[in-house]
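Peer 1: Have a look at this one before I ask anything.
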Protein chains: 2
Amino acid sequence: MAKTIPYKIYLEEQEMPKSWYNLRADMKNKPAPLINPGTHQPMTAEELGGVFCADLVAQELDNDTREFEIPQEILDFYRMYRPSPLVRAYCLEKALGTPAKIYYKFEGNNTSGSHKLNSAIAQAYYAKKQGLKGVTTETGAGQWGTALSMACAYLGLDCKVYMVKVSYEQKPFRREVMRTYGASVTPSPSMETEVGRRILEAHPGTNGSLGCAISEAVEKAVSTEGYRYVLGSVLNQVLLHQSVIGLEAKIAMDKYDIHPDIIIGCAGGGSNLGGLIAPFMGEKLRGEADYRFIAVEPASCPSFTRGKYAFDFCDTGMVCPLAKMYTLGSDFIPSPNHAGGLRYHGMSPVLSQLYHDGYMEAISVPQTEVFTAAEQFARSEGILPAPESSHAIKAAMDEAIKCRETGEEKTILFGLTGTGYFDLYAYESFHDGRMTDYIPTDEDIARSLSKLPKVD
Amino acid sequence: MAKTIPYKIYLEEQEMPKSWYNLRADMKNKPAPLINPGTHQPMTAEELGGVFCADLVAQELDNDTREFEIPQEILDFYRMYRPSPLVRAYCLEKALGTPAKIYYKFEGNNTSGSHKLNSAIAQAYYAKKQGLKGVTTETGAGQWGTALSMACAYLGLDCKVYMVKVSYEQKPFRREVMRTYGASVTPSPSMETEVGRRILEAHPGTNGSLGCAISEAVEKAVSTEGYRYVLGSVLNQVLLHQSVIGLEAKIAMDKYDIHPDIIIGCAGGGSNLGGLIAPFMGEKLRGEADYRFIAVEPASCPSFTRGKYAFDFCDTGMVCPLAKMYTLGSDFIPSPNHAGGLRYHGMSPVLSQLYHDGYMEAISVPQTEVFTAAEQFARSEGILPAPESSHAIKAAMDEAIKCRETGEEKTILFGLTGTGYFDLYAYESFHDGRMTDYIPTDEDIARSLSKLPKVD
């Protein structure tokens, strides 16, 4: 007999995952390794160790170990804001008149406002363990920088954040939260680094981009004693840490015998999507269960749906290793009228390989439709969603509406990655009718793709 | 044998309170009734019914019924964001090196960002039930207006908000959230109402005040067909709805045999404090248990600690009934450099009576000390607190530090009423060293108290 399913499922402390799950262990086709841009050989642990913390390099390179035990200090920190609730969207279902059952895993109930904290505390922990003084990073919409500054404050590490200039100017509040947690925040591109000065010379007045801020943060880390660089998405290690989202969701669903037919996540660099789907995708890869996975990306930055699967630089300044991924070219910078995050030119190599191998679908959606969905969700479910998360909301609503038409009672799970408290200028422009849908032309994309590095 | 106490206690759905608790039923000295400013006679249900919804008037006047069943529709809405967690502040305890056990009931995990939603949905529900078109209200820091707009969107009611002008200008984001939920927001004083025009004439360039916004909202309600006025604090009915905070906290604490020695809440109009302490105070009034209760108010608006217990107008425009309460005079307007809410000149009649009868203590704290405590709390516990809530944090930390000095293992419970996402200008001014401590002089207070209405 089925147990009564609560409206919101919170795991008990003893039910919470004690290990992260490494999806790569179950992939037949492993993601391509990061390669050295000079030699085109796979990056060694030693080479990566100059940029990243040692334990994180080990996680990055390990395609075989299925489970990594979560250190107790990180579990202690997780207890402050985890488990996150798995919520049944009864009100949204009612508003849509759909027979579909919609669930969302809500990661916004912490001060950083998003799932980014799951990896921030892990990366800060390993930096501290290695005896470092601090870490550098970049941030776009500011969720990652906020999360990292919280984690560093907790552990007593210094935190230097390069913030994409357009966000630095449009999101002073994010900056102030980071400052509350003691981080230093620099608008990027800046005159502080060689690569920043070079980019400013080539593109005076640029709004900046994630790729460019990454270049600056990496340069700062490798040129400063006792510092390493940390990254909030794309990397294998980040997806490993974010698996906690999917693990919690799966434990909760298994407990109540709920089987999701469709699992949906927004996709920028892939950290949320990769974490959410991990244990479900593991079952699919092992042939134990089947699920439909949908990656949702913005029409203004469509790496899966219009990019190329190729080796490319992770950053604009071309100082980072090359990763094999779906990419729009490291030179691609989405229009500044694009709201929120998800503006990265590339995509997680793990997710890229899975998409390439046909395990996952991808769609892109224009931003005014995303905000329409966001507003309906807010009014029905009470939560003001982040623009990033609202891409997943839009896709989940569309699937639920299809169910209304076909009468199918599908179960849909989507990742609600964060809250929109710091995105109210974007909501304002939507309410005022000033928001437009920027969609790059084929020529725009061909132009940036033409600069891909040549790798055999 | 004691059960293991989780880090965060979430009640199960079946454990959640199904009724609100009316503290007045257990008070020997009942709070004084609202009186008609013209006749000085107690306001009748009929008189109040012109301003408030009928069911809410019944709740307002009922000093005897101990429990009011929560209607199913409200329980359904509560499920969207309740239960709120009762959190053990392990990290803060460690940072303070105190043997005290600190718990907080966190009400900020909803889009309105505070506990105000508990009463907003109740008041909107009764308005809807009465077949009204909409409601009017005022908002200061914006938490109440946001909460009400969410509740009205959910029920399909129109919502007109008069927002204290200084907050309207300093908090455009709050305004935008209300707009997301479909509310109309007018800066107060405005030219839309007679009382607004009168106040603007007398005080051109005024920053506005809660009392003044109340006057406008009341005038709008009584002069518009199908509308009533709703209020987010002070009133008996609001404390009744907010008892859900204390009831949940008490159920959770009883479940794990935790007995709080000290219960602390910030106090503006008293909605959070009154709700948090309700079931505990009930036990104290009935002689079943003892607790120390501490109300914490800002030094810039100290109605308990420096006000007078007397009948006064609830609003600046003197259109509302008179309430017997601790008051600084309805003419008192705290300095605009005072951050956040808690800027109301009076205090809940229920709490005023209890304070007058010696059941509760009150202290006032200056705002720079409050922000120092807020920042330490954020860095330890991960949550960015609202300035209002941080008054309680400051007092709880001080009590915990006393325990460090005496070695006592006291158990402290405080109300963390909301998040500070929309208060980052205040945090910025604190970080920049621009924040000052405004404390009214004795003459300031004597001047506004001299205008109290004469009531026998």
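The values are calculated or read from the model by the stated rules, or taken from the named source; none is laboratory data. All of these numbers come straight from a predicted model, not from anything done at the bench. FYI the Cβ positions are ideal-geometry reconstructions off the backbone, even for glycines, and counts take in every protein chain you see. These accessible areas exclude ligands, DNA and RNA; they are computed on the full protein's heavy atoms, side chains included. Shrake-Rupley method; radii C 1.70, N 1.55, O 1.52, S 1.80 Å.
Peer 1: Under 8 Å between Cβ atoms, which residue pairs at least 6 apart in sequence (or on different chains) link something in the range A:212-224 that is closer than 11 Å to A:V51 by Cβ with a partner that is part of a helix (DSSP H, G or I) and among the acidic types (D, E)?
Peer 2: Sorted first by the residue in the range A:212-224, then by its partner, the pairs are A:E219/A:E194.
Peer 1: Here is a follow-up. Residue pairs, Cβ under 9 Å, 6 or more apart or interchain, first in the range A:12-26 and within 14 Å of chain B (Cβ to nearest Cβ), second of a type in the set (S, T, Y) and open to solvent by less than 30 Å² (accessible area, probe 1.4 Å). List them.
Peer 2: A:E13/B:Y7; A:M16/A:Y78
Matching residues to (1) under 27 Å from A:K171 (Cβ atoms); (2) more than 11 Å from chain A (Cβ to nearest Cβ); (3) open to solvent by 10 Å² or more (accessible area, probe 1.4 Å):
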site: B:A147; (1), (2), (3): yes, no, no
site: B:C152; (1), (2), (3): no, no, no
site: B:F173; (1), (2), (3): yes, no, yes
site: B:T180; (1), (2), (3): yes, no, no
site: B:T193; (1), (2), (3): no, yes, no
site: B:L200; (1), (2), (3): no, yes, yes
site: B:G205; (1), (2), (3): no, yes, yes
site: B:A213; (1), (2), (3): no, yes, no
site: B:A217; (1), (2), (3): no, yes, no
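Peer 1: Taking strands (runs of 3 or more DSSP E) that do not extend beyond the range B:53-118, which have at least 2 residues that are of a type outside the set (D, E) and away from chain A (no Cβ under 13 Å)?
Peer 2: B:101-106
Peer 1: Next question, about the same structure. Cβ-Cβ distance below 6 Å, separation of 6 or more or different chains: which pairs start in the range B:338-359 with a residue that is free of Cβ contacts under 8 Å to residues at least 40 places away in the same chain and end on one that is of a type in the set (A, V, I, L, M, F, W, C) and surrounded by 24 or more Cβ atoms within 10 Å (Cβ to Cβ)?
Peer 2: Taking only residues 6 or more apart or on different chains, not a single pair turns up.
Peer 1: Quick check: is even one residue across the range B:126-141 within 14 Å of chain A (Cβ to nearest Cβ) and open to solvent by less than 20 Å² (accessible area, probe 1.4 Å)?
Peer 2: Checked against the condition, which is being within 14 Å of chain A (Cβ to nearest Cβ) and open to solvent by less than 20 Å² (accessible area, probe 1.4 Å), the range B:126-141 yields no hits at all.
Each row is one residue, and each column tells you yes or no for (1) open to solvent by 60 Å² or more (accessible area, probe 1.4 Å); (2) modelled with pLDDT of 95 or more.
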| position | (1), (2) |
| --- | --- |
| B:A396 | no, yes |
| B:E409 | yes, yes |
| B:I412 | no, yes |
| B:G420 | no, no |
| B:A426 | no, no |
| B:F430 | no, no |
| B:D442 | yes, yes |
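Peer 1: What residue, of B:F77, B:F68, is of a type outside the set (V, I, T) and modelled with pLDDT of 95 or more?
Peer 2: Answer to the selection: B:F68.
Peer 1: Then there's this: Which of (1) in contact with a strand residue (DSSP E or B) (Cβ under 9 Å, 6 or more places away or on another chain); (2) of a type outside the set (S, T, Y); (3) within 14 Å of another protein chain (Cβ to nearest Cβ) does B:Q376 not meet, given it meets every other one?
Peer 2: Of the numbered conditions (1) in contact with a strand residue (DSSP E or B) (Cβ under 9 Å, 6 or more places away or on another chain); (2) of a type outside the set (S, T, Y); (3) within 14 Å of another protein chain (Cβ to nearest Cβ), the odd one out for B:Q376 is (1).
Peer 1: Away from every other protein chain (no Cβ under 14 Å), in contact (Cβ under 8 Å) with a residue 24 or more places away in the chain and closer than 30 Å to B:L416 by Cβ, is that true of B:P33?
Peer 2: For B:P33, the condition - away from every other protein chain (no Cβ under 14 Å), in contact (Cβ under 8 Å) with a residue 24 or more places away in the chain and closer than 30 Å to B:L416 by Cβ - is not met.
Peer 1: Same structure, new question: In the set B:V185, B:V222, which member is open to solvent by 10 Å² or more (accessible area, probe 1.4 Å), within 14 Å of chain A (Cβ to nearest Cβ) and either among the hydrophobic types (A, V, I, L, M, F, W, C) or within 19 Å of the chain's Cα centre (by Cα) (or both)?
Peer 2: Exactly one of B:V185, B:V222 is open to solvent by 10 Å² or more (accessible area, probe 1.4 Å), within 14 Å of chain A (Cβ to nearest Cβ) and either among the hydrophobic types (A, V, I, L, M, F, W, C) or within 19 Å of the chain's Cα centre (by Cα) (or both), namely B:V185.
Peer 1: Applying the selection to the range A:323-350, what residues are closer than 22 Å to A:V164 by Cβ and outside any loop (DSSP other than H, G, I, E, B)?
Peer 2: A:A323, A:M325, A:Y326, A:T327
Peer 1: Identify all residues within the range A:394-434 that are within 14 Å of another protein chain (Cβ to nearest Cβ) and not in a loop (DSSP other than H, G, I, E, B); write none if there are none.
Peer 2: A:L416, A:G418, A:T419, A:L424, A:Y425, A:A426, A:Y427, A:E428, A:S429, A:F430, A:H431
Peer 1: Ok, one more. B:P385 fails exactly one of the following numbered conditions: (1) more than 10 Å from chain A (Cβ to nearest Cβ); (2) within 20 Å of the chain's Cα centre (by Cα); (3) surrounded by 21 or more Cβ atoms within 10 Å (Cβ to Cβ). What is the number of that condition?
Peer 2: Condition (1) is where B:P385 drops out.
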